[in-house]
1. Taking the range 18-65, which residues are among the aliphatic types (A, V, I, L, M), crowded, with 19+ Cβ neighbours inside 10 Å and touching a residue at least 24 places away in the same chain (Cβ under 8 Å)?
2. In the list Leu103, Leu99, Leu142, Leu80, which residue meets the criterion of being touching a Ser or Thr at 6+ places or on another chain (Cβ under 7 Å), closer than 20 Å to Glu3 by Cβ and either part of a strand (DSSP E or B) or modelled with pLDDT of 90 or more (or both)?
3. I'm trying to understand the selection: among the residues of the range 106-124, which are without any contact (Cβ under 8 Å) to a residue 40 or more places away in the chain, over 17 Å from Arg70 (Cα atoms) and either surrounded by fewer than 18 Cβ atoms within 10 Å (Cβ to Cβ) or hydroxyl-bearing (Ser, Thr, Tyr) (or both)?
Amino acid sequence: MIELNSLLPANCVRSGLTANSRKAVLEWVADRLAMAYPGTSSRSLFNALMERERLGSTGLGGGVAVPHCRLDCSRLMGALLSLTQPVSFDAPDGEPVDLLFILVAPQDEPSAHLEALALVARVFGDPAERARLRSAGSTEALKQRFVEAAMRLTPLADAREAMP
C-alpha cells in the first residue's frame, strides 16, 4: 500500500497553481520535488518528465493528467496539483487539464510505480472524485480529499494493510 502522506510532501501539493503550459507545470513540479527530496536534481526530474511526455501524452481525458517517469532515485516522489486555468496535455479527448498527479519512481521499483499509478487512476477515473478535488478550496483540502478518495477506492485487503 502506498503511504500517501509521505508521497505528497506539503510543498508538492498546490491548489490553484497558475501555469500557462505543460512545460511550466512540469518545471514547477521538478523544482518542488528537488526541494522536497535533497540529492535529486530539478533538471534531471524535468528532463525525465518531458522525455516521458515525448513518448506519449500523460493526459488521460476528463481534464486530468498523470505525468510520470522512472529515475535513478531512492524513493517514490509525488505531487498533486489543481490549476487555475487548464493547460493542454494533448489528452485523447482534446480537453485541457486542470488536475494533475505527478509521480517519479525509482528505476529499480517497477511494482511500486505501477501500484501508485493504479491508485491515482482509481481516484482520477471517478467523475465524482474529480469534482470533489476540483471544488477543494485550499491546498490542504485538495490533499485531504485525494487521500480520502484513495482510501475509499482502495480494495479492502490493501486498506487493512495500511491501517496502523
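1. Pass one, the range 18-65, residues among the aliphatic types (A, V, I, L, M): 19, 24-26, 29-30, 33-36, 45, 48-50, 55, 60, 64-65.
With the extra rule that they be crowded, with 19+ Cβ neighbours inside 10 Å, the set shrinks to 19, 25-26, 29-30, 33, 45, 48-49, 60, 64-65.
Across the range 18-65, the qualifying residues are Ala19, Val25, Leu26, Val29, Leu33, Leu45, Ala48, Leu49, Leu60, Val64, Ala65.
2. Details: Leu103 fails: touching a Ser or Thr at 6+ places or on another chain (Cβ under 7 Å); Leu99 fails: closer than 20 Å to Glu3 by Cβ; Leu80 fails: touching a Ser or Thr at 6+ places or on another chain (Cβ under 7 Å).
None of the others qualify; the one that does is Leu142.
3. Here is the first cut: in the range 106-124, the ones without any contact (Cβ under 8 Å) to a residue 40 or more places away in the chain are 106-109, 111, 114, 118, 122-123.
Then keep just the ones that are over 17 Å from Arg70 (Cα atoms); that gives 122-123.
Answer for the range 106-124, where residues must be without any contact (Cβ under 8 Å) to a residue 40 or more places away in the chain, over 17 Å from Arg70 (Cα atoms) and either surrounded by fewer than 18 Cβ atoms within 10 Å (Cβ to Cβ) or hydroxyl-bearing (Ser, Thr, Tyr) (or both): just Arg122.
Yes or no, residue by residue, for (1) hydrophobic (A, V, I, L, M, F, W, C); (2) within 19 Å of Leu33 (Cβ to Cβ); (3) within 12 Å of the chain's Cα centre (by Cα):
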position: Glu95; (1), (2), (3): no, no, no
position: Asp108; (1), (2), (3): no, yes, no
position: Ala131; (1), (2), (3): yes, no, no
position: Ser138; (1), (2), (3): no, no, no
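The values are calculated or read from the model by the stated rules, or taken from the named source; none is laboratory data. All values reported here derive from a predicted model rather than from experimental measurement. Backbone-built Cβ (ideal geometry, glycine too); neighbour counts: all protein chains shown.
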